[in-house]
Amino acid sequence: MEISRRALGFAGLLAFLGGGKGHAQEGGGPSASTQGAVHDMSAMPASWMGKEQIAFLIYPQFTALDMVGPQYMLANLMGAATYAVARTKDPVQSDTGLVFTPTRSFDDCPLDLDVVCVPGGSSGTLAAMQDDATLRFLKDRGARAKYVTSVCTGSLLLGAAGLLEGYKATSHWAAKPALATFGAIPTDGRVVLDRNRMTGGGVTAGIDFGLTLVSLMRDKTYAQAVQLLSEYAPQPPYDAGTPDRAPEDVRAMIDGMFVDFVKQAETVGGKAFARAKTL
């Protein structure tokens, strides 16, 4: 799609000044109408303005970066509304101690979502699998959503809710085999798309996942603009970010850390998967 430099400049300026608040993101900040009065948006392609409803599930001890990375990317979709959704509106603490305030609860989250996204975790994810209210929420919104998505071990929670049966999916590399417990097809890839199911790999893969979803909901140029805006050009100091590249002793150490988690995910998740069918 060809766009003028002026149009792209306005898109970047809008996102930079408002943190993507050319949408109805909850939690304060300038509104779309306020920004429109300050910046001439007449040159923007009409297809760049949407009205998507995007919900990120948050639960005690979830991994913050699984949510924050893609949330930043999707929050730059002009016209979209993003929500942090939890069982209640009480503060939710992540697995690294960051505390988040939900903007919607299960009760007042929009019914028809364009995207429902589930971040991962470890003990928190296992606990969420055992919570019928969480499974019921995911099962209901997932049945309606345009895209049903996850990052890292969030795919195990999607699976427990019965939303990945028969779908290709990925997860954190160490937990990926557990997806078979839910009838999913464990698949290699930093981002895996199967029909309307999109799953991201471990933690930082959520950034790639977010950009991929932006490109699907707008276009490649828009996604590239968001990538440039966020200066996403990773150059890690070490080349150990995948099992095949990490030193063998490092991989063995991390692999060993996940043994009990994977066993519990298969046991707890299997029971949740069966229970979710009755919810």
Projecting the Cα atoms of THR278, PRO243, MET257 onto the charge dipole of region 203-279, where Lys and Arg contribute +1 and Asp and Glu -1 at Cβ, the residue farthest towards the positive end is THR278
In nm, the gap between the two label points placed 7 Å beyond Cα toward Cβ at THR242 and MET257 is 2.0 nm
Phi angles of region 227-233, converted by Karplus (6.51 cos²θ - 1.76 cosθ + 1.60, θ = phi - 60°) into ³J(HN,Hα) in whole Hz with x for Gly and Pro, give 4, 5, 4, 8, 6, 8, 9
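If you take every DSSP beta bridge whose two residues both sit in region 42-181, what share of them, in percent to the nearest 5, is antiparallel?
Details: 3 of 17 bridges.
Of the beta bridges lying entirely in region 42-181, close to 20 percent run antiparallel.
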For the table LYS146/LYS277; LYS176/LYS271; LYS51/LYS277; LYS89/LYS263; LYS139/LYS271; LYS168/LYS277, the rows whose alpha-carbon distance is greater than 23 Å are LYS51/LYS277; LYS89/LYS263
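Can you list the equivalent-ellipsoid semi-axes of region 43-131, largest first and in whole Å, using the square root of 5 times each Cα gyration tensor eigenvalue? List each step's numbers first, then the result.
Values: eigenvalues 134, 39, 22 Å².
So the equivalent ellipsoid measures 26, 14, 10 Å along its semi-axes.
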Note, region 207-213: 3J(HN,Hα) by Karplus (6.51, -1.76, 1.60, θ = phi - 60°), whole Hz, Gly/Pro = x, goes 5, 4, 4, x, 5, 4, 5
For region 186-193, in residue order, the Karplus 3J(HN,Hα) values (coefficients 6.51, -1.76, 1.60; θ = phi - 60°; whole Hz; Gly and Pro = x) are x, 9, 6, x, 5, 9, 10, 10
Mean Cβ-within-10 Å packing, highest first, puts peptides 86-96, 148-158, 233-243 in the order 148-158, 86-96, 233-243
For region 52-174, the dipole about the Cα centre with charges only on Cβ (Lys and Arg +1, Asp and Glu -1), to the nearest 20 debye, works out at 140 debye
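The numbers here are math on the coordinates, done by the rules we state, and not lab data. Just so we're clear, the structure is a prediction, and the values are computed from it rather than from any experiment. Every residue, glycine as well, gets a Cβ built from its backbone with ideal geometry; the counts of neighbours run over all protein chains shown.
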